[in-house]
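All remarks here apply to the structure that follows.
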Amino acid sequence: MADRNPVAGKVAIVGLGHTAQGELPGRTVEEIAVEAAVNAVADAGLGFDDLDGLVACKSVQGSGADTTLGPVLGLNLPYVQTLNYGTCNFSLHLAAMAILSGMASTVLLTYGANARSGKFDFGQPMYGTDMAEAAGLVHIAGRAGLALRRHKALYGTTDEQFGMLAVGQRQWARKNPLAIFRKPMTMEDYLAEPYLVDPLRRADITMISDGGVAFVVTSAERAADLPQKAVYLAGMSEYAGIRGEHNPENLMRPWLKDSAQAIWRTTGLEPSDVDALYIQDPTALWSLQMLEYYGFCGIGEGGPFLAEGHTLPGGDLPLNTHGGQLSESYTWGWMHLVEAVRQLRGQADERQLDSPKLAAYLSSHGFFKAAASVLSTDPEAGA
């Protein structure tokens, strides 16, 4: 029996917008975010004067906050927040909580980045000190490489099995005109790549790209009067492993399982109910870990599961049908939610799945935080 789920069917995504993905030179983060916001508000059939909330997300460059977006948008609003790390799950959850509490009724979520054209330096220590830098633990890929080596040692995961993630994302991306990497990539191509951060190859790690994304989130009651097909939030969960390296086996991020248990317990749903799965994947390792911890396969069974083709086009668990961060674009995982909404609306063109009704989006903040959202076309899902 599920715990009481106060969010199910009460909040809906009614508008989405984004910019081109890739290089947007000469533009500030705010300008990029505002272009996406204009598109999202128009998609919702609303005007900016219909909004009473804003959840802004700082990009890696440290801008894009509500105080820098406000003058560009020309808005004063009752409810305004900025998330320092606002991958779309965390931003969506904050908007949902504002709506459920009555602090806002219609919230704009924004994200913009110019990390590529601005040549932001990702080659710096993350989650550590100068000692981490000396050990080569720069970018997120340093620790992810260690975690993959650990997974291979514990469970016998092979390069060919793990490579199914990168190869599969490229297959999906070839159906997506927005994707940056669309060149065909076979398993032979993948295995021929040199290691970038051993045992991770270039195709296992996100590219860096510019881009903006925005959403309009509102109450289910208001969504009923708007033109787009409503996509309801059926459930949400978060868990923070903020003890960091004090957590046993923290490279394996075992606290992901706590977020997983919460999302299935509170919604009463199961992994087998998911028609389309989206996993924020700055490295392919994140997908491997979350497939296991969220119960789509057993712990340690991710390699064989991937080798069987479940996540590929035509498989029974379509994963990141837009190409993900490995092949479509970076955007801190925001485009995953764009694709999930498009699939549930039936607007994904060549890559459209056969009438999906339930999508899950799983994300994380490196080695510290986990978040999950379940989206549905049915307002009763998760109730």
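The values are calculated or read from the model by the stated rules, or taken from the named source; none is laboratory data. This structure is a prediction, so every number in the text was calculated from the model and none was measured. As a convention, Cβ positions derive from the backbone with ideal geometry for all residues, glycine included, and neighbour counts pool all protein chains shown.
Which pairs have Cβ atoms under 6 Å, sit 6 or more apart or on different chains, and link a residue in segment 65-85 that is more than 9 Å from VAL55 (Cα to Cα) and part of a strand (DSSP E or B) to one that is at pLDDT 90 or above and of a type in the set (D, E, K, R)?
Correct list of pairs: empty, since none qualify.
Looking at the structure I just gave you, is GLY309 over 28 Å from ILE13 (Cα atoms) and in contact (Cβ under 8 Å) with a residue 60 or more places away in the chain? Give the derivation first.
Values: over 28 Å from ILE13 (Cα atoms): yes; in contact (Cβ under 8 Å) with a residue 60 or more places away in the chain: yes.
Considered against the rule, which asks whether it is over 28 Å from ILE13 (Cα atoms) and in contact (Cβ under 8 Å) with a residue 60 or more places away in the chain, GLY309 comes out as yes.
In this structure, is GLY333 surrounded by 19 or more Cβ atoms within 10 Å (Cβ to Cβ) and either among the small types (Gly, Ala, Ser) or in contact (Cβ under 8 Å) with a residue 24 or more places away in the chain (or both)? Before you say what the answer is, go through the steps one by one.
On the way: surrounded by 19 or more Cβ atoms within 10 Å (Cβ to Cβ): yes; either among the small types (Gly, Ala, Ser) or in contact (Cβ under 8 Å) with a residue 24 or more places away in the chain (or both): yes.
Considered against the rule, which asks whether it is surrounded by 19 or more Cβ atoms within 10 Å (Cβ to Cβ) and either among the small types (Gly, Ala, Ser) or in contact (Cβ under 8 Å) with a residue 24 or more places away in the chain (or both), GLY333 comes out as yes.
Residues THR266, THR321: which one is touching an Asp or Glu at 6+ places or on another chain (Cβ under 9 Å), of a type in the set (Ser, Thr, Tyr) and in a helix (DSSP H, G or I)?
On the way: THR321 fails: in a helix (DSSP H, G or I).
Among THR266, THR321, only THR266 is touching an Asp or Glu at 6+ places or on another chain (Cβ under 9 Å), of a type in the set (Ser, Thr, Tyr) and in a helix (DSSP H, G or I).
Quick one: which of ALA56, ALA20 is within 19 Å of the chain's Cα centre (by Cα) and either surrounded by 22 or more Cβ atoms within 10 Å (Cβ to Cβ) or among the hydroxyl-bearing types (Ser, Thr, Tyr) (or both)?
Working: ALA20 fails: either surrounded by 22 or more Cβ atoms within 10 Å (Cβ to Cβ) or among the hydroxyl-bearing types (Ser, Thr, Tyr) (or both).
Only one candidate passes the filter, namely ALA56.
If we keep just the residues of segment 289-318 that are farther than 21 Å from PHE90 by Cα and in a helix (DSSP H, G or I), which is nearest to the chain's Cα centre (by Cα)?
Step one: filter segment 289-318 for residues farther than 21 Å from PHE90 by Cα, giving 292, 295-318.
This time we only want the ones that are in a helix (DSSP H, G or I), so: 292, 302-307.
Values: GLU292: 17, GLY302: 20, GLY303: 22, PRO304: 24, PHE305: 22, LEU306: 20, ALA307: 23 Å.
Per the criteria, the residue is GLU292.
Taking only segment 1-56 into account, find how many residues are assigned to a loop (DSSP other than H, G, I, E, B) and closer than 26 Å to MET207 by Cβ. Working first, answer last.
Of all residues in segment 1-56, those assigned to a loop (DSSP other than H, G, I, E, B) come to 1-10, 19-21, 23-28, 44-47, 51-52.
Next, from what is left, pick out any that are closer than 26 Å to MET207 by Cβ: 19-21, 23-28.
Residues meeting the conditions: 9.
Do we find a residue being under 22 Å from ALA12 (Cα atoms), small (Gly, Ala, Ser), in contact with a helix residue (DSSP H, G or I) (Cβ under 7 Å, 6 or more places away or on another chain) and part of a strand (DSSP E or B) anywhere in segment 343-354?
no
(1) farther than 23 Å from ALA284 by Cα; (2) out of contact with any Lys or Arg (no Cβ under 9 Å at 6 or more places or on another chain): which one isn't true of ASP349, the others all being true?
With respect to (1) farther than 23 Å from ALA284 by Cα; (2) out of contact with any Lys or Arg (no Cβ under 9 Å at 6 or more places or on another chain), ASP349 is out only on (2).
Within segment 180-210, track down each residue that is under 14 Å from GLY324 (Cβ atoms) and either more than 18 Å from the chain's Cα centre (by Cα) or not acidic (Asp, Glu) (or both).
Here is the first cut: in segment 180-210, the ones under 14 Å from GLY324 (Cβ atoms) are 180-182, 185, 203-207, 209.
Scanning segment 180-210 gives ILE180, PHE181, ARG182, MET185, ALA203, ILE205, THR206, MET207, SER209.
Counting just the residues of segment 62-72 that are touching a helix residue (DSSP H, G or I) at 6+ places or on another chain (Cβ under 6 Å) and not hydroxyl-bearing (Ser, Thr, Tyr), which one comes out surrounded by the fewest Cβ atoms within 10 Å (Cβ to Cβ)?
Residue satisfying both the conditions and the ranking: VAL72.
For segment 325-342, enumerate the residues that are touching a Ser or Thr at 6+ places or on another chain (Cβ under 8 Å) and over 15 Å from PHE215 (Cα atoms).
GLN325, LEU326, SER329, TYR330
Which residue out of MET164, MET185, MET207 is part of a loop (DSSP other than H, G, I, E, B) and either of a type outside the set (A, V, I, L, M, F, W, C) or touching a residue at least 60 places away in the same chain (Cβ under 8 Å) (or both)? Break it down into steps so the answer makes sense when it comes.
On the way: MET164 fails: part of a loop (DSSP other than H, G, I, E, B); MET185 fails: either of a type outside the set (A, V, I, L, M, F, W, C) or touching a residue at least 60 places away in the same chain (Cβ under 8 Å) (or both).
Step by step, each of MET164, MET185, MET207 is checked, and only MET207 is part of a loop (DSSP other than H, G, I, E, B) and either of a type outside the set (A, V, I, L, M, F, W, C) or touching a residue at least 60 places away in the same chain (Cβ under 8 Å) (or both).
Go over the candidates ALA214, ALA192 one by one and state the one that is surrounded by fewer than 21 Cβ atoms within 10 Å (Cβ to Cβ) and either touching a strand residue (DSSP E or B) at 6+ places or on another chain (Cβ under 6 Å) or modelled with pLDDT of 95 or more (or both).
Values: ALA214 fails: surrounded by fewer than 21 Cβ atoms within 10 Å (Cβ to Cβ).
Going through ALA214, ALA192 in turn, the sole match is ALA192.
Would you pick out the residues in segment 269-288 that are surrounded by 24 or more Cβ atoms within 10 Å (Cβ to Cβ), part of a helix (DSSP H, G or I) and touching a Gly at 6+ places or on another chain (Cβ under 9 Å)?
Hits for segment 269-288 are ALA284, LEU285, SER287, LEU288.
What number of residues within segment 239-263 satisfy the criterion of being of a type outside the set (A, V, I, L, M) and either assigned to a helix (DSSP H, G or I) or closer than 21 Å to ASN320 by Cβ (or both)?
As a first pass, look at segment 239-263 and keep what is of a type outside the set (A, V, I, L, M): 239, 241, 243-250, 253-255, 257-259, 261.
With the extra rule that they be either assigned to a helix (DSSP H, G or I) or closer than 21 Å to ASN320 by Cβ (or both), the set shrinks to 244-246, 250, 253, 257-259, 261.
Result for segment 239-263: 9.
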